[in-house]
Structures are given as structure tokens and as C-alpha cells.
Amino acid sequence: MKTLITLVAAFMLSQAVSAENQTTLLPAKLSLADIAGGIFQRPDMIQTQHEDGHVTLDVTSLVSSDQKFSSGMYKSGKTRLAVTEPYGVDEFMYFLAGSVTLTSDDGTVQTIEAGEGVTIAKEWTGIWETDGYTKIWVIYAATGQ
């Protein structure tokens, strides 16, 4: 698992030079302390209480200069969500803790546990159900976010 976490973190590291201002951007590192939950102590962490009462914590570690690619970490409490409109972005998720059960509109059920990853296509619809989880996320949105 440590190897997979290292590979995911290495994938998320990027270095780019902005053509507009010639500023070198630093890689967006997720340290072991961040992955262990320390990232949720950062001042840029966004905490949201949703209509159903569950709370989420979200930290974006990188947004590309064209706004189409982003990565970070997310933590959610127990929730059940019907995704009736297309998901909207292509997202890879690696679960560090907890799990999520995804029931696609055709009835196919997949449970993704801690230590596993899943990629959801922007066209996906179905039911998202969890007792809670923590994940590393990587999103591609062709139109920017």
C-alpha cells in the first residue's frame, strides 16, 4: 500500500512554467503527514456541512494553469447521494480510509475499500453511498473548473 501511495503521490507531483509570467511553479507534494490526515489542518482546508447533515473536508493541492486538471485530498462523513445528472468530471480516487459503494444506473454495484482506487467517468450516473472515507483525488475537466 505504501508503494501505491508513493506512486499516486508521485503522479500528482508536477512542475510547470507559466508562459504568462515566467514563474516556476513548485510540485504539489503530499507528505506522509498530509496523507495521515495532517493536510486537513491546513488553513486552506474547506469544511462544508451538507443539507443531509454530513460534513466534508477538502484541500486542493494543485490546479493546473488551464484549470482543467486538479488534485487534492477529501474526507467525508456518512452520506447517500443520487447522482441523477452526469458526474461532470473525470475523477481518479484512491481511498486511504473507509469505503464507498457505487451503484450504477444499470444496477451494477461496486464497493471500493481503503487501499483501492477507482476512476469515475464524467458521464457516470448512479447512487454514491458511504459510511465515511478519506481519499486522494485527481480530476480532469475538459472545460476547466
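The values are calculated or read from the model by the stated rules, or taken from the named source; none is laboratory data. Quick caveat, the model's predicted, so the values are computed rather than measured. Positions of Cβ are generated from backbone atoms using ideal geometry, with glycine treated the same way; all protein chains shown enter the neighbour counts.
Here are some notes:
- Those residues of region 31-73 which are of a type in the set (Phe, Trp, Tyr) and under 12 Å from the mean Cα position of the chain (by Cα), in sequence order: PHE69
- Qualifying residue in region 107-123 (condition: buried (at least 17 other Cβ atoms within 10 Å of the Cβ) and of a type outside the set (Val, Ile, Thr)): no
- With respect to being farther than 23 Å from ALA28 by Cβ and assigned to a strand (DSSP E or B), TRP137 falls outside the description.
- Single residue of GLY88, GLY53 found to be in a loop (DSSP other than H, G, I, E, B), loosely packed, with under 14 Cβ neighbours inside 10 Å and small (Gly, Ala, Ser): GLY53
- Taken as a whole, the structure leaves ILE127 outside the set of residues that are surrounded by 18 or more Cβ atoms within 10 Å (Cβ to Cβ) and either aliphatic (A, V, I, L, M) or assigned to a strand (DSSP E or B) (or both).
- Only listed residue being over 13 Å from the mean Cα position of the chain (by Cα), modelled with pLDDT under 95 and of a type in the set (S, T, N, Q), chosen from GLN110, GLN145: GLN145
- Residues of region 59-85 classified as free of Cβ contacts under 8 Å to residues at least 60 places away in the same chain and either under 20 Å from TRP124 (Cβ atoms) or surrounded by fewer than 15 Cβ atoms within 10 Å (Cβ to Cβ) (or both), total: 10
- Tabulated pairs, region 112-133, first on the phi > 0 side of the Ramachandran plot, second small (Gly, Ala, Ser) and exposed (fewer than 15 other Cβ atoms within 10 Å of the Cβ), C-beta under 7 angstrom, 6+ apart or interchain: GLY126/SER104
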